[in-house]
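Worksheet for the structure shown next.
The values are calculated or read from the model by the stated rules, or taken from the named source; none is laboratory data. Note that the structure is predicted; figures quoted are calculated from it, not measured. Counting neighbours? That spans all protein chains shown, and the Cβs are built from the backbone with ideal geometry, glycine included.
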Amino acid sequence: MIDRMKRGAADFVVPKVIGAEVARAFADHIIYLRWPPGMRLIEEDLCAHFNISRSPVRDAFQILEADGLIVRAAWRGVRVAPMSIADLDEVYKCRVALEGLVAAEAARAADEEALATLSGLLDEMRAAMAEKDVDTFFERNVAFTRALHQASGNHTLERLVSGIEKQALRYRYLAHQNTREIVDLAFDGDRKVFEAVSARKADLARREAVKMIRHAHRVIARVVGALDAPEPQSPSGAEPSPA
């Protein structure tokens, strides 16, 4: 009986795990704008392109829809979620509140290991800036944000803010690719938040985080407003190789 239960549990869990892995791969294509806003995602093409069955693709679609990265519409199928000033405003109103709370909680809860991790990521961001390596800077900046979430010690808050972060990442990446201003403000803002967290000044950490997020919102809004959305295309044919 126990062996049968174990086998049944494994049969139930494994497809969901595979679906989560596929969702992460698809999310990377969306966040890094390899799949532009509005692009139609055709199940059969994705199965062929990634050499996977339909079940994990459908599981991935459910995850990505819940994360706000894809949308479904009658007669139009599944598409990459659009990017707009209105959507950006909604996402960043949430980020302002949540990231401010994260910073304050981190100032109260971060241990020495967490502070060392944050400090190391700041050093890596600084090095990437010196090399003018925008992609590495973006990756280290995202890693700093996530490390700060973990340093808060509040798992419920971490789950909430990580959901909003997924929607924000496309906008953050777009801005990093189009203006140096976002790089400078992200590093300066993260440095000030870290200094406040290290000094255990929760109110200051919250204020610095809120100031940074609001500034980033304004910069990203200018970038989004200045760029035309690319033409949607099918993932079949000339689609780039998956990373």
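So that you can scan it fast, the table gives a plain yes or no per residue for (1) more than 19 Å from TYR92 (Cα to Cα); (2) of a type outside the set (A, V, I, L, M, F, W, C):
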{"site": "THR179", "(1), (2)": "no, yes"}
{"site": "ASP190", "(1), (2)": "no, yes"}
{"site": "PHE194", "(1), (2)": "yes, no"}
{"site": "SER198", "(1), (2)": "yes, yes"}
{"site": "LEU204", "(1), (2)": "yes, no"}
{"site": "ALA209", "(1), (2)": "no, no"}
{"site": "ILE213", "(1), (2)": "no, no"}
{"site": "HIS217", "(1), (2)": "no, yes"}
{"site": "ALA221", "(1), (2)": "no, no"}
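Each row is one residue, and each column tells you yes or no for (1) outside any helix (DSSP H, G or I); (2) under 23 Å from VAL134 (Cβ atoms); (3) under 15 Å from the mean Cα position of the chain (by Cα); (4) of a type outside the set (S, T, N, Q).
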{"position": "LEU160", "(1), (2), (3), (4)": "no, no, yes, yes"}
{"position": "GLN167", "(1), (2), (3), (4)": "no, yes, yes, no"}
{"position": "ARG191", "(1), (2), (3), (4)": "no, yes, no, yes"}
{"position": "ARG214", "(1), (2), (3), (4)": "no, yes, no, yes"}
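The rows are residues; the columns are (1) touching a Pro at 6+ places or on another chain (Cβ under 8 Å); (2) touching a residue at least 12 places away in the same chain (Cβ under 8 Å); (3) farther than 14 Å from ALA216 by Cβ; (4) in the same structural domain as TYR32 (by TED's automatic domain parsing).
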residue	(1), (2), (3), (4)
VAL91	no, yes, no, no
CYS94	no, yes, no, no
GLU112	no, no, yes, no
SER152	no, yes, yes, no
GLU165	no, yes, no, no
Test: residue in the stretch 103-123 that is under 23 Å from LEU227 (Cβ atoms) and either touching an Asp or Glu at 6+ places or on another chain (Cβ under 7 Å) or surrounded by 14 or more Cβ atoms within 10 Å (Cβ to Cβ) (or both): no
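Being at pLDDT 95 or above and over 16 Å from the mean Cα position of the chain (by Cα) narrows it down to one of ARG72, ARG79, ARG58, so name that one.
Criteria check complete, one pass: ARG79.
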Filter result for the condition that a residue is crowded, with 18+ Cβ neighbours inside 10 Å, in contact with an Asp or Glu (Cβ under 8 Å, 6 or more places away or on another chain) and either among the aromatic types (Phe, Trp, Tyr) or modelled with pLDDT under 95 (or both), over PHE144, PHE187, PHE137, PHE194: PHE144
Cross-chain or 6+ apart pairs with Cβ under 7 Å, the stretch 45-60 first and assigned by TED's automatic domain parsing to the domain that holds ASP28, then part of a helix (DSSP H, G or I) and among the aromatic types (Phe, Trp, Tyr): ALA60/PHE26
Per-region count, the stretch 18-49, residues more than 20 Å from ARG159 (Cα to Cα) and modelled with pLDDT under 90: 1
